[in-house]
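Asker: Encoded as structure tokens, here's the structure I'll be asking about.
The values are calculated or read from the model by the stated rules, or taken from the named source; none is laboratory data. From a predicted model like this one, the values you see are computed outputs, not experimental measurements. Neighbour counts are summed over all protein chains in view; Cβ atoms, including those assigned to glycine, are modelled from backbone coordinates with ideal geometry.
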Amino acid sequence: MKPYLPTVLSVCLLLSSGLVAKSSQVRTISDIPSMPHRVLQRSISPQFYKSLLKSPLEGLVIVRGQLGRTTQLSGLKIVHSDLDGKFDSVALDRARNLTISGYFATDKLNPTANVLVNVLIYKIADGTAVLSFVQLDEPGGDQQSYYGCAVLEVLKNDGTWVHIPSVDSLEGKGVAVRNFRNDSKLTLREIYFLAGFTTKGK
């Protein structure tokens, strides 16, 4: 796979054309120290990422959950919320609808991990754009090799949701996270398969 996986060009144009110009009072993802930029860069196209660096961020919601032996995250908890919780239910819905399709590790009999679902919220001309991407919440989790695509949906002013699809080869195929640790005695290989966000319940 390529080191980054692009979203369709229309997604980039949607945000870059709908957002107002940045001012000194406006917050962007560049102003958030905890933002996992490396993960986000590998989840969207380079052009889209560059547009986000200067696009005013309306809000951010982060949900933490536990990856276990089931196909869903458990123990969901909102660990960061903006906009007076207006989009908390949306972020929790994204986390509930994240399917775990597989896990492999050579050193764990009971593979578990914490996972963060990041939800970025942007105001655009015809509604609100909600961009979701996932990362492992563990030491070095933002430095691992992520392969897949973020999910972008737009909440239109009339209350309806519109899904903005990725390229055909990636749409609906989720995210794989690979970690290789070299040791003098053992080469450890971990692979998490996070099979994307469904849109049920919309």
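Asker: Anything in the range 137-196 that is part of a strand (DSSP E or B), modelled with pLDDT of 75 or more and among the β-branched types (Val, Ile, Thr)? List them, or say none.
Answerer: Residues satisfying the conditions are Val151, Val154, Val162, Ile164.
Asker: Here is a follow-up. What are the pairs, 6+ residues apart or on separate chains, where a residue within the range 54-80 that is touching a residue at least 60 places away in the same chain (Cβ under 8 Å) and in a strand (DSSP E or B) has its Cβ under 6 Å from a residue that is surrounded by fewer than 17 Cβ atoms within 10 Å (Cβ to Cβ) and of a type in the set (A, V, I, L, M, F, W, C)?
Answerer: Gly59/Leu83; Arg64/Val79
Asker: Then there is this: Among the residues of the range 92-113 satisfying the criterion of being small (Gly, Ala, Ser) and modelled with pLDDT of 70 or more, which is farthest from the chain's Cα centre (by Cα)?
Answerer: Here the answer is Ala113.
Asker: Among Ser17, Ser24, Ser45, which is the only one that is at pLDDT below 90, in contact with a Pro (Cβ under 9 Å, 6 or more places away or on another chain) and of a type in the set (S, T, N, Q)?
Answerer: That would be Ser45, the only listed residue that is at pLDDT below 90, in contact with a Pro (Cβ under 9 Å, 6 or more places away or on another chain) and of a type in the set (S, T, N, Q).
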